[in-house]
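Here the structure is laid out as structure tokens; the discussion comes afterwards.
The values are calculated or read from the model by the stated rules, or taken from the named source; none is laboratory data. Please read all numbers here as calculations on a predicted model, not as lab measurements. Neighbour counts run over all protein chains shown; Cβ positions are idealised from the backbone, glycine included. Heavy atoms of the whole protein, side chains included, go into the accessibility calculation; ligands, DNA and RNA do not. Shrake-Rupley method; radii C 1.70, N 1.55, O 1.52, S 1.80 Å.
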Amino acid sequence: MRLIDLEELDPLTLGATLLGNGGGGDPYQAKLMAHQAINDFGPIKLISADELPEDALVVTIAVLGAPTVIIEKIPSGQLYADAVRALGSYLGQEIAAILPVEVGGMNTLVPLMVAAELGLPCIDADGMRRAFPQIEMTVFTLAGISASPVALADEHGNTVIVVSKTNQIAETLIRNASMNLGLANSFASYSMTAGTARTVAIQGSLTYATEVGRLLRAIQGGTGSWEDLYAFTGGRTLFEGKIVDLDRRTTSGFARGTVVIEAFANGSSTMRIEIQNEMLLAIEDGVTVLTPPDLICMVDHETAEPITTEQLAYGQRVRVIGMPCAPEWKREGMMEVVGPSAFGYDVEYIAFEGEAQ
């Protein structure tokens with residue numbers, strides 16, 4: 001066990017924001033809430049699943065909705081604790097720990113905040129080691145773990161419990177409910193034992209995000225290099241240029257859109273990135289170069305600050321980074337859960353070629 005204090009929040013937030021692929025919710029809001037939780041309840045206990053009894057109950061908690069809406073509706077910590085309490089009440093069991101469902105700016109810090117408020121530890125693991133827009137898009141689904149029952153909560157104290165046959169149906173039902181509850185909600189799901197979490201979750205995700213944040217902060221401070229970051233992550237720079245077109249809209253419960261970047265070095269060369277909450281598909285000069293589940297991350301070209309999809313703006317000068325997904329994704333069923341066709345893209349998966357290319 002180790003303690004997450006105010007000092008560690010900074011690199012964790014930065015790394016999680018980069019690994020969120022532009023999604024995962026607004027990191028600034030979440031950092032303020034986590035900061036307040038640490039001030040109110042003290043440093044947060046971060047443990048491995050091995051430190052819990054085999055049959056201890058753990059649950060995930062995350063933000064649900066469209067980033068373009070969430071950034072305009074600042075939630076309270078009560079919203080997230082309500083979803084966890086509702087799920088624990090439905091299950092009739094004591095919850096022993098909180099397990100993050102993804103690594104993304106907000107959805108990495110919210111589990112820490114809820115853990116602090118409920119007096120529980122948070123497990124250093126997750127179900128994606130990146131962010132994805134839909135509930136079923138986890139390595140938990142690949143392992144046959146049910147997301148159901150799912151508890152959805154809004155800022156007015158309303159809660160909904162959904163029990164479904166599949167994780168895909170749970171996504172549809174919860175998404176529809178979220179559209180009626182304001183598209184800035186929390187949901188608790190994927191209840192499992194600590195013994196199961198040891199075998200199905202991506203271990204060490206928060207520690208990984210913290211190290212990514214430290215390496216990125218070193219680049220920002222002039223003491224580190226992109227080579228250092230790429231040596232750790234296996235990533236590389238995909239494209240550098242200026243945003244010359246941006247189409248972004250909130251529809252069907254998601255923030256969707258397209259961003260077009262014109263290369264600095266060659267004005268006739270462009271990269272188009274397709275968005276569904278996260279940046280999902282990179283197309284350079286008409287050729288698809290990166291597909292899910294590998295990562296497309298974007299930073300400001302001068303400051304190296306990660307850019308979320310709701311922060312994209314015409315004229316921004318950016319660096320687009322590709323990274324390989326966590327190895328835990330590379331197993332049977334990956335294409336059906338998080339391959340390009342899972343998002344409706346009629347393209348083949350392209351295995352990412354990283355730093356060695």
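Scanning region 1-59 for residues that are assigned to a strand (DSSP E or B) and open to solvent by 60 Å² or more (accessible area, probe 1.4 Å) returns Arg2, Leu3, Lys45.
Return yes or no: is Ile95 outside any helix (DSSP H, G or I), open to solvent by less than 20 Å² (accessible area, probe 1.4 Å) and touching a residue at least 24 places away in the same chain (Cβ under 8 Å)? Here the answer is no, as Ile95 does not meet what is asked.
Apart from one condition, Ile307 fits all of (1) among the hydrophobic types (A, V, I, L, M, F, W, C); (2) more than 16 Å from the chain's Cα centre (by Cα); (3) open to solvent by 10 Å² or more (accessible area, probe 1.4 Å); the exception is (2). Which one is most open to solvent (accessible area, probe 1.4 Å), of the residues in region 204-248 that are of a type in the set (Lys, Arg) and part of a helix (DSSP H, G or I)? Restricting to residues being of a type in the set (Lys, Arg) and part of a helix (DSSP H, G or I), the top hit is Arg214. Is it the case, given these coordinates, that Leu99 is in contact with a Pro (Cβ under 9 Å, 6 or more places away or on another chain), closer than 24 Å to Ser146 by Cβ and modelled with pLDDT of 95 or more? Answer is yes for this residue. Screening Asn185 with (1) at pLDDT below 90; (2) among the polar types (S, T, N, Q); (3) open to solvent by 10 Å² or more (accessible area, probe 1.4 Å) gives one miss only, at (3). For region 262-299, the set of residues classified as touching a Pro at 6+ places or on another chain (Cβ under 8 Å) and acidic (Asp, Glu) consists of Glu278, Asp294, listed by residue number. Checking Ala170, Ala151, Ala177, Ala131 one by one, the residue that is among the aliphatic types (A, V, I, L, M), under 25 Å from Pro53 (Cβ atoms) and in contact (Cβ under 8 Å) with a residue 24 or more places away in the chain is Ala151 and no other. Within region 249-273, being out of contact with any Lys or Arg (no Cβ under 9 Å at 6 or more places or on another chain), closer than 19 Å to Arg319 by Cα and open to solvent by 30 Å² or more (accessible area, probe 1.4 Å) holds for Ala265, Asn266, Gly267, Ser268, Thr270, Arg272.
When Gln276, Gln316 are checked against the criterion of being polar (S, T, N, Q) and open to solvent by 20 Å² or more (accessible area, probe 1.4 Å), a single residue qualifies: Gln316.
Filtering region 139-169 to residues that are assigned to a loop (DSSP other than H, G, I, E, B) and in contact with a helix residue (DSSP H, G or I) (Cβ under 8 Å, 6 or more places away or on another chain) leaves Ala143, Ile145, Ser146, Ala147, Ser148, Pro149, Asp154, Glu155, Gly157, Ser164.
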